[in-house]
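Presented below is the structure to which this report refers.
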Amino acid sequence: MNETARRPQPATLSRFRIRGELPVPTLINGLTLTAVPLLLFFALRAARAGADPITAPLLLAFAVVLALNSLVYLLLGYPTLHRRTFITLITGLFVYLAVQAVEDGSAIIWLFAYPPVIFYISEARTGITACAGGLAGLILLFSPVGDLLFQPPHSASFRLSMVLALAFEMATCYVLDQSRRRSKLSLLRLAADLDHAAKHDSLTQLANRREALAQLDGEYQRFLRNRRPFSVLLIDIDLFKAINDRYGHHAGDQVIRQVARTLQQACRKVDTPARWGGEEYLVLLPETNAGEAWQTGNRVRAAIEAATVEEGGQVLRVTVSIGVATLLEGESVDRLLQRADEALYLAKHAGRNQVHESTPVANDVTSRSGTGD
Ligand SMILES: Nc1nc2c(ncn2[C@@H]2O[C@H](COP(=O)(O)OP(=O)(O)OP(=O)(O)O)[C@@H](O)[C@H]2O)c(=O)[nH]1
């Protein structure tokens, strides 16, 4: 996987949650729980005042739909619907409170609750658009056009303070939200980097031994469920010490990298090539029987034999010996690895640059071997 695909990007930030972060549905449900009694309270007051026939039923309707929105989410899920409905409802509610001058115009102060909530529960772009639109709407409401249409009861000094204070709050919320998003992104990237480092070998970027064992265990659990066999290749570079001694450790490292690259190219996407240690590699071949594993082993051996490494003006070639083993009914992963190791040992002792397959017969290990040529 490439770096960009592995590390979280700003556009996908809301898909990730870090520990301790308040989940958006929880915030929405908490706000709904607070807003519903408040709306009922103000609906009752509006009904008692009796002057305006729309406000009381409308506030009641907002309370009912808000509560239903949370109920639907709790029963059925659908977090996007939950969030979008909530944003639509609170936007509608705040517009109504402003233009209808509810509570003698004092309800307009509730607009200050809008920016922090909208920035937290939506993407940054939605927050900016909603706040800029809201502020433009407020300026329009306090302009001569708004006076003509809605006759807001606010004094000139209140209007000025309201617009400036709301603009200040929106800008502050934007800056704090950006800072929160940046911290979240860097935390997620750090976690992704640490996770990658814990599972991969730094020289080759292949899975490391720990990750290979974890994948082996996963494959073993799958085998217990579906009985589809899997195989392993244990690969060791031949006479590698001589390369280090003759060309130096840097050349040795280049060879280890080149073998890793060849392994990745020669294997299927579902296979896991791993650095098992030093100049040894393990390839996990999921859902692969003995015959297929044998063929893969030979293909890998030939590919590595054909590959070259240029180092200090020299062209280096290496060969590998490979032990192949396929999991048998009733066998453990440890025993499978032991058989692959025994087959590798036989390949080395038969002259290197060859593949040996472990076939247990009567609790013993026999093998077929060859170069596949
Ligand atoms: N450059 C380099 N060398 C390493 C690394 N890890 C292990 N080695 C060297 O790999 C060599 C392994 O040598 P041996 O185990 O004796 O085996 P060999 O020379 O490959 O011989 P056979 O396995 O019998 O074919 C040792 O000299 C280690 O120092 C590494 O990360 N980089």
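The values are calculated or read from the model by the stated rules, or taken from the named source; none is laboratory data. None of the values given here were measured: they were computed from a predicted structure. Positions of Cβ are backbone-derived with ideal geometry, glycine not excepted, and every protein chain shown enters the neighbour counts. SASA here: full protein model, heavy atoms, side chains in, ligands and nucleic acids out. Shrake-Rupley method; radii C 1.70, N 1.55, O 1.52, S 1.80 Å.
Quick look at the numbers
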item: Helical contribution to [θ] at 222 nm, DSSP H n ≥ 4, -39,500 (n - 2.57), averaged over the chain, rounded to 500; result: -20500 deg cm²/dmol
item: Charge context of Arg222, other residues only, Cβ under 14 angstrom, K/R +1, D/E -1; result: 0
item: D (Stokes-Einstein, µm²/s), Kirkwood Cα radius, the chain, 0.890 mPa s at 25 °C; result: 93
item: Cut-off 11 Å between beta-carbons: net charge of the residues surrounding Glu279, Lys and Arg +1, Asp and Glu -1; result: -2
item: Rounded accessible area per residue of segment 101-260, 1.4 Å, Å²; result: 53
item: Exposure ranking of Asp271, Asp195, Asp104, Asp253 by accessible area [1.4 Å probe, largest first]; result: Asp104, Asp195, Asp253, Asp271
item: Debye intensity ratio in log₁₀ form over the Cα atoms of segment 270-328, taken at each q of 0.14, 0.22 Å⁻¹; result: -0.47, -0.96
item: Segment 3-196 - percent relative contact order, Cα under 8 Å, separation 6 or more; result: 25
item: Given charges at beta-carbon only (K, R positive; D, E negative), |dipole| of segment 209-370 in Debye; result: 300
item: Carbon + sulfur, % of accessible area of the chain - ligands and nucleic acids excluded, 1.4 Å; result: 60
item: Fraction in percent of alpha-carbon pairs per bin - 5 Å, segment 202-299; result: 3, 13, 23, 22, 18, 10, 6, 3, 2, 0
item: Euclidean distance of C-alpha centroids, segment 130-208 and segment 69-83, integer Å; result: 24
item: For Glu280, residues with placed amide H under 5 Å, excluding near neighbours; result: none
item: Tyr345 accessible area, 1.4 Å probe, all protein chains in place, Å² to nearest 10; result: 140
item: As computed over segment 11-98, the Cα convex hull volume per residue (Å³); result: 106
item: Candidate lysines - alpha carbon under 18 Å from Lys348, same-chain residues fewer than 8 apart omitted; result: Lys241
item: Where only C-alpha atoms are counted, convex hull volume of segment 3-196 per residue in Å³; result: 125
